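Take a look at the structure below.
Read the figures in this text as sums done on the coordinates, not as results from a lab. All values derive from a computational prediction rather than experimental measurement. So basically every Cβ, Gly included, is an ideal-geometry build from the backbone, and we count neighbours across all protein chains shown.
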Amino acid sequence: MKNNMKWNMNVKDITTIGICVAIAVVLGKLLAVLYRIMPFSRGVINAPFYSFLIALILYRVIKPGVMTLFALGYGIIMARISIFSTISIIIGGVLADLIILIFVKEYDSNVKIALCAPICSAGGIIGTFFMVTFLVKSRLYNITCTIQNCAEILTLI
């Protein structure tokens, strides 16, 4: 089976990605209220919304590398907050594009696009895990459980 996906991007494609990056930034600001109220992490709250944006991009721009370009744009804007978040966002986009190129190969149906869209969010969460585990190394993000801590947690339950 021949791969019919074209690699070249035109101005319309890059504009679509740029508009979705802008929507993602605004959406992130609006969702900041939920970060304070809900006990979930940002990745869990953001994942469905960003997956929807990625799906919009994939339905409009059916070309490989779209998730990487979205991640680059969003990561550059997020660099003012933290360089670590930028790196994890870019890792997520590149990881998602690699997984799709290896396993899916082309977006020839709406079902494939709908199933591939959440891979970018999952890749971002995996990238964040690696950033926190290997680069940040803060006690705030470490999940350690000694026997005494586990016993205290179990008594609370």
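Remarks
- Summary value for the range 29-110: 24 percent relative contact order, contacts being C-alpha pairs under 8 angstrom separated by 6+ residues.
- In this structure, LEU101 and ASN8 have a Cβ-Cβ separation that, at R0 = 25 Å, corresponds to a calculated FRET efficiency of about 0.95.
- The distance between label points at LEU34 and PHE130 comes to 2.7 nm (points 7 Å beyond Cα on the Cα→Cβ vector).
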